[in-house]
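Data first, discussion second: the structure below is written as structure tokens.
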Amino acid sequence: MPDAPTGASGSADEPIPHVLCDVAALAAAEAAPAGALWRLAESGRQLDANLVRVPPRTRVDTHVESDLDVLLLVVTGHGTLGTTRGPEPLTPGSLTWLPRESSRSLTAGQDGLSYLTVHCRRPGMRIRSRPAT
């Protein structure tokens, strides 16, 4: 999975906006594997982002994200978002809000589905003392 280059010019302390990648080109590649094709890896970031490929007629089972809201942008392919209110069609350009604590599933269509997710960065794992009992 290629990471974005971090070689933006400027001092080490100065954040510089820069192009990370072409998600449409990555998602459209004939040999695009299943799973994460790209992830945001910039140091000091407050966001996480991933470009994910779901193979044709494959399903991401129903799950609940209890901590974070997620934006999902369909880049290529078609599919269905499963919700408690019923199925929602997903097409290229569909921008979907997945609120935290919502139940959802994804099913890729006959050509597969590639989508970009963006959400707040999760804090790293911390080792803590066991609470006193």
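The values are calculated or read from the model by the stated rules, or taken from the named source; none is laboratory data. Being a predicted model, the structure only gives us computed values, none of them experimental. Counting neighbours? That spans all protein chains shown, and the Cβs are built from the backbone with ideal geometry, glycine included. In case anyone asks, the SASA skips ligands and DNA or RNA and just uses the protein heavy atoms, side chains included. Shrake-Rupley method; radii C 1.70, N 1.55, O 1.52, S 1.80 Å.
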For this session: Mind listing whichever residues of the range 86-96 are on the phi > 0 side of the Ramachandran plot and either surrounded by 14 or more Cβ atoms within 10 Å (Cβ to Cβ) or out of contact with any strand residue (DSSP E or B) (no Cβ under 7 Å at 6 or more places or on another chain) (or both)?
Result: 86
For this session: Give the range 34-93 a look and list any residue that's closer than 11 Å to residue 112 by Cα, aliphatic (A, V, I, L, M) and not in a strand (DSSP E or B), or say none.
Result: 34
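Only one of these is of a type in the set (S, T, N, Q), closer than 21 Å to residue 28 by Cβ and surrounded by 12 or more Cβ atoms within 10 Å (Cβ to Cβ): 58, 83. Name it.
That would be 58, the only listed residue that is of a type in the set (S, T, N, Q), closer than 21 Å to residue 28 by Cβ and surrounded by 12 or more Cβ atoms within 10 Å (Cβ to Cβ).
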Exercise. Which of the following residues is at pLDDT below 90, open to solvent by 30 Å² or more (accessible area, probe 1.4 Å) and under 14 Å from the mean Cα position of the chain (by Cα): 128, 53, 45, 121?
Worked result: 121
Seminar exercise, completed: Output for Cβ contacts, cut-off 6 Å, separation at least six or different chains, first residue in contact (Cβ under 8 Å) with a residue 40 or more places away in the chain and on the phi > 0 side of the Ramachandran plot in the range 97-122, second open to solvent by 20 Å² or more (accessible area, probe 1.4 Å) and not hydroxyl-bearing (Ser, Thr, Tyr), reads 112/55; 112/56
Seminar exercise, completed: Residue pairs qualifying under the 6 Å Cβ cut-off, at least six apart or on distinct chains, with the first in the range 64-79 being open to solvent by less than 70 Å² (accessible area, probe 1.4 Å) and the second being of a type in the set (S, T, N, Q) and not in a strand (DSSP E or B), are 74/94
For this session: Being assigned to a loop (DSSP other than H, G, I, E, B), free of Cβ contacts under 8 Å to residues at least 12 places away in the same chain and of a type in the set (A, V, I, L, M, F, W, C) is the filter here, so list the residues in the range 10-33 that pass it.
Result: 12, 16, 19, 29, 31
